[in-house]
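Here the structure comes first, spelled out in structure tokens, and everything after it is commentary.
Values in this text are rule-based calculations from the coordinates and carry no lab data. Quick caveat, the model's predicted, so the values are computed rather than measured. Positions of Cβ are generated from backbone atoms using ideal geometry, with glycine treated the same way; all protein chains shown enter the neighbour counts.
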Amino acid sequence: MKKLFLLFALIGITYANAQDFCHPHKAVSPIALTNVGNKTISGDSINVNGGSDICLSLTNCHDIHITNCWFGNSTHVGVFLYKCANIRIDSCYVTKLAAGVYAVDSYAISVTDCEGKNMIGPFPRGEFVQFNNVSGPRCRINNNRFESIFGESYPEDAINVYKCHGTPNDPIQVIGNKIRGGGPSKSGGGIMLGDNGGSYITAQNNILVNPGQYGMAIAGGDHIRMVNNTIYSKQREFTNVGFYIWAQAQAACSLDEISGNRVNWTKKDGRKNHKWNGGNCGDVKGWESNVIDTTVDESILPEQLLSPCHQ
């Protein structure tokens with residue numbers, strides 16, 4: 001029997017509590033901490049079983065490391081950070097949540113090397129990771145793998161950076177993420193930068209396949225860079241544009257860069273609609289260097305994006 005269980009884990013067959021065959025998580029109740037610092041949370045599995053609790057809530061906490069944890073099955077948020085500083089989240093898994101990680105009014109937050117599947121919203125939630133008024137150096141959303149299965153989820157933006165400010169010497173990083181799936185939201189998509197403004201943000205070397213209404217966007221802010229990303233979508237009933245820049249919600253917008261990106265995007269009406277400049281952000285550095293590449297297709301991401309226990 002032990003050999004059979006191991007075989008299930010190795011080949012990725014869905015099985016009840018399959019994550020337990022991959023990681024030694026220990027089941028715990030939802031956690032809420034206030035005014036706590038210098039702590040590691042490791043190996044915890046918080047399964048709300050369809051309830052409405054936040055899996056892990058931190059308020060006014062600092063210097064917390066959250067690693068190798070499992071959060072899922074709640075109509076609320078997986079990890080909620082409020083007025084926190086120096087929080088590192090890595091090697092965690094989020095699934096079937098209103099949103100995976102939601103950080104508000106916080107400083108120096110990082111989410112790296114995590115996996116996620118099927119956020120359920122509803123709007124304005126629905127993100128795997130959202131930073132809301134997060135600032136400072138050491139802000140990272142890097143090297144994560146996120147997948148939304150159409151019909152099993154209702155995502156908004158896979159990654160959303162809202163009113164956030166990095167520093168000139170250490171911009172907020174959104175680098176090396178792999179994102180597949182989105183929709184049917186008519187406003188959501190892949191990676192949203194400068195939502196209602198922001199500054200000093202770099203999104204680079206991300207790969208997106210069929211991420212929703214749009215691929216990547218700058219919706220306001222200054223010193224925001226979208227560089228060397230690869231974006232693809234087939235025609236869907238909600239697809240609009242591969243990437244765009246447009247100052248929305250009266251957000252100031254200037255001194256931004258969109259360069260070196262490769263895109264192949266089909267709009268809902270069957271026309272190609274790779275990129276769009278709304279014309280209200282001033283000169284956009286590198287705009288002409290972006291490449292329309294019709295060889296870009298779904299194969300830019302592997303068929304098995306998540307680890308076997310998370311398929």
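Lys and Arg at +1, Asp and Glu at -1: add these up for the other residues within a Cβ distance under 10 Å of Y200 and post the number.
Net charge around Y200: -1.
Any chance you could give the angle, 0 to 90 degrees and rounded to 10, that helix 2-11 forms with the longest Cα principal axis of the chain?
0 degrees
For n ≥ 4 DSSP H runs only, could you compute -39500 (n - 2.57) per run for the chain, divide by its residues and tell me the 222 nm figure to the nearest 500?
Value at 222 nm, helices only: -1000 deg cm²/dmol.
How about region 239-278: which trypsin sites (Lys or Arg not before Pro) there lie in a loop by DSSP and see at most 15 other Cβ atoms within 10 Å?
Hits after loop and neighbour filter: K268, R271.
Give me the count of lysine pairs in region 30-310 whose alpha carbons sit under 22 angstrom apart, restricted to pairs 8 or more positions apart or on different chains.
For region 30-310, the number of qualifying lysine pairs is 25.
In the chain, with Lys and Arg counted as +1 and Asp and Glu as -1 at Cβ, which of these residues, T295, H62, N49, has the Cα nearest the positive end of the dipole, that is, farthest along it?
Positive-most Cα among the choices belongs to N49.
Say each of T59 and K83 gets a label point 7 Å from the Cα, pointing the same way as Cα to Cβ; how far apart are those two points in nm?
The two pseudo-label positions are separated by 0.9 nm.
Per 10 Å bin, what is the whole-percent P(r) computed from every C-alpha pair distance within the chain?
7, 29, 35, 21, 7, 1, 0
Take the alpha carbon gyration tensor of region 166-223, find the square roots of its eigenvalues, order them as a ≥ b ≥ c, and report rounded if a/c is under 1.5; if not, report prolate when a/b exceeds b/c, else oblate.
Note, shape of region 166-223 comes out oblate.
Where the convex hull is taken over the Cα atoms of region 74-156, what is its projected area averaged over directions, in nm²?
4.8 nm²
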